[in-house]
Amino acid sequence: MDLSTILNWLNDQLLRMVWLDNLVKWFFSEVIGIHSDTLAYSALTFFFYDVIKIFILLSVLIYISSYIQSYFTVEKTRKILSKVKGIPANIVGSLLGTITPFCSCSSIPIFIGFTKAGLPIGVTFSFLISSPLVDLASVVLLASIFGWKIALLYVLVGIILAVIGGTLITLFKMEKYVESFVYQQINGSVEESVMLTKKDRRRYSLDQLTDILKRVWKYVLIGVGIGALIHGYIPASFIEAVLGKNNPFSVVIATIVGIPMYADIFGTLPIAEALVLKGVGLGTVLAFMMAVTALSLPSLILLKKVVKTKLLVVFVSIVTVGIIIIGYLFNFITPLMGI
Amino acid sequence: MEIKVLGSGCAKCKHLLQMVEFSVKELALDANVIYVTDMISIAMSGIMNTPGLMINGKIVSTGRVPRLEEIKEMLLKG
């Protein structure tokens, strides 16, 4: 056995959990006795395999990434960013966005905190775009479904989108479209400089794990449920017509549908998986996922409290156009790469 | 003294509030505990990551729930 065989085996068993797939299939066909060519069988096996797999992976990954994140607080991120200027600042902002703890509810405090510290709003937007789009847990989950090549490409285009989006906002000189109260003086501004012990970090990671699981479990169940329905019941011909490779508007449709939706990336992945299995282009599916996670109605309503409509429209337009371009690009290059 | 617990109503924020109220009682401090939930006010006090804890206008903790002993220590120092 050479190295790549071993790596492939590890990937199949630990990430894709082939053993679990077999176990679930065995359970439904042998124990429950559902015939393996029925629609219910494919919907049920998809649902249980995905739910169990996602929760196992999520628990391990959130714990690990929270431990890493305990070294990269938002305050530290801001300090690092204030030392960089120009496009490198957008790049660093996008990269830090991928490792700094984030939930859409913290976009306002981060926006205000960064702006007050004198960071250009373009850099803040780079951070706000990449933060929900790319994180360790979602990348590993993506790899567990579509393989590492796709996962790494996803990270790359996500970061590029964040860098370009933020840079454009800087170029357009949008500072005047930030609500003026944001620039008012802060009352108290002494930051904590507590040294966390290893035990503190472990406790923090466990806190984060329970917190995030409590927040996302319903989106995962709904997402897998929809994925299972698509997998088992919705005819491939219908999906093919709306989102298929022959419909030139498939990417645009997927993006527009995805924008107002509010779901976690962990909930959208199973839908993406089911769509790809039905023959939808990978770019179309990624565009849908990115639209759901990067832009959502609740987070836009929150942002509206701190920026004026014009800046919000510019932000949404840049991200939307970027996602559509990425979608078509992926649909074009993945067949060439043989994926 | 004035103690502020800042959080948007998440479970961790409520947990911190309970621990602070418990500590104040146990240490028999003369303190006014305020729970701030408005996102804009939280952000305007300079807190970027909830839950946050402020004692007499000074931020002493953000983004995590400190241990009970830590909270007591912070309160005594404040």
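Filtering the range A:124-140 for residues that are within 14 Å of another protein chain (Cβ to nearest Cβ) and touching a Lys or Arg at 6+ places or on another chain (Cβ under 9 Å) leaves an empty set. Among the criteria (1) in contact (Cβ under 8 Å) with a residue 24 or more places away in the chain; (2) away from every other protein chain (no Cβ under 14 Å), the one residue A:27 does not fulfil is (1).
For every residue, the table says whether it meets (1) more than 18 Å from residue A:138 (Cα to Cα); (2) in contact with a strand residue (DSSP E or B) (Cβ under 6 Å, 6 or more places away or on another chain); (3) charged (D, E, K, R); (4) at pLDDT below 90.
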site: A:256; (1), (2), (3), (4): yes, no, no, no
site: A:275; (1), (2), (3), (4): no, no, no, no
site: A:286; (1), (2), (3), (4): no, no, no, no
site: A:293; (1), (2), (3), (4): no, no, no, yes
site: A:311; (1), (2), (3), (4): yes, no, no, no
site: A:318; (1), (2), (3), (4): yes, no, no, no
site: A:323; (1), (2), (3), (4): no, no, no, no
site: A:334; (1), (2), (3), (4): yes, no, no, yes
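Just one residue in the set B:25, B:72, B:12 is more than 25 Å from residue A:181 (Cα to Cα), part of a helix (DSSP H, G or I) and at pLDDT below 85; that residue is B:12.
When the range B:56-78 is filtered for residues that are facing chain A (nearest Cβ under 8 Å) and of a type in the set (A, V, I, L, M, F, W, C), the ones remaining, listed by number, are B:59, B:60, B:65.
The condition of being within 12 Å of chain A (Cβ to nearest Cβ) and either buried (at least 16 other Cβ atoms within 10 Å of the Cβ) or touching a residue at least 40 places away in the same chain (Cβ under 8 Å) (or both) holds for only one of B:48, B:19, B:1, that being B:48.
Check residue B:14 against each of (1) touching a helix residue (DSSP H, G or I) at 6+ places or on another chain (Cβ under 7 Å); (2) within 14 Å of another protein chain (Cβ to nearest Cβ) and name the one condition it does not meet. Here residue B:14 meets the rest and fails (1). Name the residue, out of B:53, B:29, that is under 21 Å from residue A:77 (Cβ atoms), more than 8 Å from chain A (Cβ to nearest Cβ) and among the aliphatic types (A, V, I, L, M). From the options B:53, B:29, the qualifying one is B:53. Taking the listed residues A:92, A:60, A:51, A:84, the one that is β-branched (Val, Ile, Thr), on the phi < 0 side of the Ramachandran plot and not in a helix (DSSP H, G or I) is A:84, with no other qualifying.
Out of all the residues in the range B:38-69, which are of a type in the set (Gly, Ala, Ser) and assigned to a helix (DSSP H, G or I)? Listed by number, the residues that qualify are B:41, B:43. Kindly indicate whether any position in the range A:156-178 is buried (at least 16 other Cβ atoms within 10 Å of the Cβ) and either within 14 Å of another protein chain (Cβ to nearest Cβ) or without any contact (Cβ under 8 Å) to a residue 12 or more places away in the chain (or both). Looking for residues that are buried (at least 16 other Cβ atoms within 10 Å of the Cβ) and either within 14 Å of another protein chain (Cβ to nearest Cβ) or without any contact (Cβ under 8 Å) to a residue 12 or more places away in the chain (or both), one finds at least one in the range A:156-178, hence yes. Taken together, the residues in the range B:20-72 that are within 19 Å of residue A:201 (Cα to Cα) and not aliphatic (A, V, I, L, M) amount to 12.
For residues that are touching a Ser or Thr at 6+ places or on another chain (Cβ under 7 Å) and among the hydrophobic types (A, V, I, L, M, F, W, C), scanning just the range A:65-83, find the one that is farthest from residue A:118 (Cα to Cα). That would be A:72.
Screening the candidates B:20, B:36 for the property of being modelled with pLDDT of 90 or more and over 23 Å from residue A:111 (Cα atoms) yields one hit, B:20.
The values are calculated or read from the model by the stated rules, or taken from the named source; none is laboratory data. This is a predicted model, so every value here is computed, not measured. With ideal geometry, Cβ positions are generated from the backbone for all residues, glycine too; neighbour counts draw on all protein chains shown.
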